[in-house]
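Read the structure below first, then the notes.
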Amino acid sequence: MRPARRPFGSGPPVSAFTLGTMRALESPDHMAAVLGAAMGAGINHLETAPAYGPAEPFLGQALRQLQSQGLAPEGGWLITSKILPGCDLAAGQEQLRSSLRRLGVARLDGLAVHGLNTPEHLIWADRGPGADLLQWALDTGLATQVGFTSHGSPALIAEALATGRFRFCSLHVHLFDQTRLPLARAALDAGIGVLAISPADKGGRLYDPPPQLLADCAPFHPLELAYRFLLDQGISTLSLGAAQPADLVWAERWWRGALAGDGASRPRLAAALERLGRAGAERLGADRCGQCRACLPCPNGVPIPELLRLRNLAVGHGMEAFAQERYNLIGRAGHWWETLNAEACQACGACLPRCPHGLPIPTLLADTHRRLAAAPRRRLWG
Ligand code: SF4
Ligand code: SF4
């Protein structure tokens, strides 16, 4: 039977899906409509941030609107908001109080460092003003638990988890990017909740899959396969940045299945994942990057596995649109994404003997650039 609520760090249990509030930003009424649909889909966990434009005040108004109609999930809403790293203690305290005012709540169920992406961010959160701020939020009861979101390297995330400061984290763990999955599993084993960041969008634009990917994932829709995979791995909750009530359809199906106790068949899931992996491997042939990261570090800072992962997706599953979108954000999103693309490769050859697959890495990087370089399409979020 599927668990309807799932453990999430040291806080109350959360729904399998978390409503991300960065896209329902037309108006407070629109936010209320999405919030109502989320409730109908069994969602009790909301995720927002001051950095998401008017999301916090709109969410606050939407919550009041639903409350006036007597609408709330069983046990009430659980709200996680965030704080950008780098501020001093007083500024951070004021930022948290402002978030609470905008949301109209007395405390947050989760307070996350928003984008713990660099070693400096970690120092701020673990030994600097951020550490004092997080402790103050816990001591005053303004936050029930603290965590972080990260787009940083696996090593940085491992270091952050090892500090013992955080009870939950939001990570890029995806069916099509499993680099951080061992970290997520270790976190879960240590009782730290793990939220998967946007499997539908950042996980591969799976809401709009190319025909090849649709065929590779059958009989599941690619998005359903990704959701089932992550939840089967024990990931606590999956963020879903719904722009419209209709975007919550998969969450609602999951919820109804959970209520009915119709657990997904593991053998069916395993068979679909096996077919998917085989289809990609056959198309990529000997050029498939196994994502082992043994080629690192590159003396020129080329993020080889990240770039070849995009090539894997484009060649292996026809996911060019997603791969191009991500590739062309490189160097344009600050510390939220990679800063160097394949053009930074100087063909020095230092990585070649380290690759256990004997891949011609400089040639594949040049091919990646040729396939994916294009005009930028959009920002990382917003
Ligand atoms: S060949 Fe390119 S990717 Fe490999 S180590 Fe040299 S510069 Fe880095
Ligand atoms: S060592 Fe080879 S297979 Fe492993 S990540 Fe680097 S390029 Fe890919």
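The values are calculated or read from the model by the stated rules, or taken from the named source; none is laboratory data. Computed from a predicted model, the values in this text were never measured in an experiment. All Cβ positions, glycine included, derive from the backbone under ideal geometry; neighbour counts span all protein chains shown. Accessible surface is based on the protein model in full, side chains and every heavy atom, while ligands, DNA and RNA are left aside. Shrake-Rupley method; radii C 1.70, N 1.55, O 1.52, S 1.80 Å.
The table for this structure:
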| item | result |
| --- | --- |
| Filtered residue count, the range 173-212, keeping only those that are open to solvent by 20 Å² or more (accessible area, probe 1.4 Å) and out of contact with any Leu (no Cβ under 8 Å at 6 or more places or on another chain) | 13 |
| Residue ID - least open to solvent (accessible area, probe 1.4 Å), chosen from residues in the range 358-377 that are hydrophobic (A, V, I, L, M, F, W, C) and more than 15 Å from ligand 2 (Cβ to nearest atom) | LEU372 |
| Number of the condition not met by GLU338 [criteria: (1) modelled with pLDDT of 95 or more; (2) within 26 Å of LEU156 (Cα to Cα)] | (1) |
| Members of the range 12-36 that are touching a strand residue (DSSP E or B) at 6+ places or on another chain (Cβ under 9 Å), touching a residue at least 60 places away in the same chain (Cβ under 8 Å) and surrounded by 21 or more Cβ atoms within 10 Å (Cβ to Cβ) | VAL14, SER15, ALA16, PHE17, THR18, LEU19, GLY20, THR21, VAL34 |
| Some residue of the range 301-321 being more than 12 Å from ligand 1 (Cβ to nearest atom), within 23 Å of GLY115 (Cβ to Cβ), among the acidic types (Asp, Glu) and not assigned by TED's automatic domain parsing to the domain that holds LEU206 | no |
| Yes/no for SER81 being on the phi < 0 side of the Ramachandran plot, polar (S, T, N, Q) and not in a helix (DSSP H, G or I) | yes |
| Whichever residue in the range 99-110 is of a type in the set (Gly, Ala, Ser) and not in a loop (DSSP other than H, G, I, E, B) and, among such residues, is farthest from the chain's Cα centre (by Cα) | SER99 |
| ARG326 being within 28 Å of ARG228 (Cβ to Cβ) and either open to solvent by 20 Å² or more (accessible area, probe 1.4 Å) or not in a helix (DSSP H, G or I) (or both) | no |
| LEU225, sole failed condition from (1) assigned to a loop (DSSP other than H, G, I, E, B); (2) closer than 16 Å to LEU273 by Cβ | (1) |
| Pairs, first small (Gly, Ala, Ser) in the range 110-126, second at pLDDT below 95 and surrounded by fewer than 19 Cβ atoms within 10 Å (Cβ to Cβ), C-beta under 8 Å, six or more apart | GLY115/HIS335; GLY115/TRP336 |
| Selected residue (only one of GLY234, GLY277, GLY257 is more than 21 Å from GLY349 (Cβ to Cβ) and touching a strand residue (DSSP E or B) at 6+ places or on another chain (Cβ under 9 Å)) | GLY234 |
| Residue selected from the range 237-251 under the condition assigned to a helix (DSSP H, G or I) and out of contact with any strand residue (DSSP E or B) (no Cβ under 9 Å at 6 or more places or on another chain), by the criterion most open to solvent (accessible area, probe 1.4 Å) | ALA246 |
| From the options ILE43, ILE83, ILE79, residue that is surrounded by 17 or more Cβ atoms within 10 Å (Cβ to Cβ) and more than 30 Å from GLY128 (Cα to Cα) | ILE43 |
| Tally of residues being away from ligand 1 (no atom under 15 Å from the Cβ), open to solvent by 20 Å² or more (accessible area, probe 1.4 Å) and either in contact (Cβ under 8 Å) with a residue 12 or more places away in the chain or in a loop (DSSP other than H, G, I, E, B) (or both) across the range 329-357 | 5 |
| Listing of helices (runs of 4 or more DSSP H) fully contained in the range 111-164 that carry 1 or more residues being polar (S, T, N, Q) | 129-139 |
| Residue in the range 50-61 that is touching a residue at least 60 places away in the same chain (Cβ under 8 Å) and over 21 Å from GLU26 (Cβ atoms) present | no |
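Every residue, every condition in (1) open to solvent by 40 Å² or more (accessible area, probe 1.4 Å); (2) closer than 18 Å to THR339 by Cα, yes or no:
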site: ALA279; (1), (2): no, no
site: ALA286; (1), (2): yes, no
site: CYS289; (1), (2): no, no
site: PRO297; (1), (2): yes, yes
site: PRO303; (1), (2): no, yes
site: GLU306; (1), (2): no, yes
site: ASN312; (1), (2): no, no
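Residue by residue, here is whether (1) at pLDDT below 95; (2) not aromatic (Phe, Trp, Tyr) holds:
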residue: LEU161; (1), (2): no, yes
residue: ARG165; (1), (2): no, yes
residue: PHE168; (1), (2): no, no
residue: HIS174; (1), (2): no, yes
residue: ARG205; (1), (2): yes, yes
residue: ALA215; (1), (2): no, yes
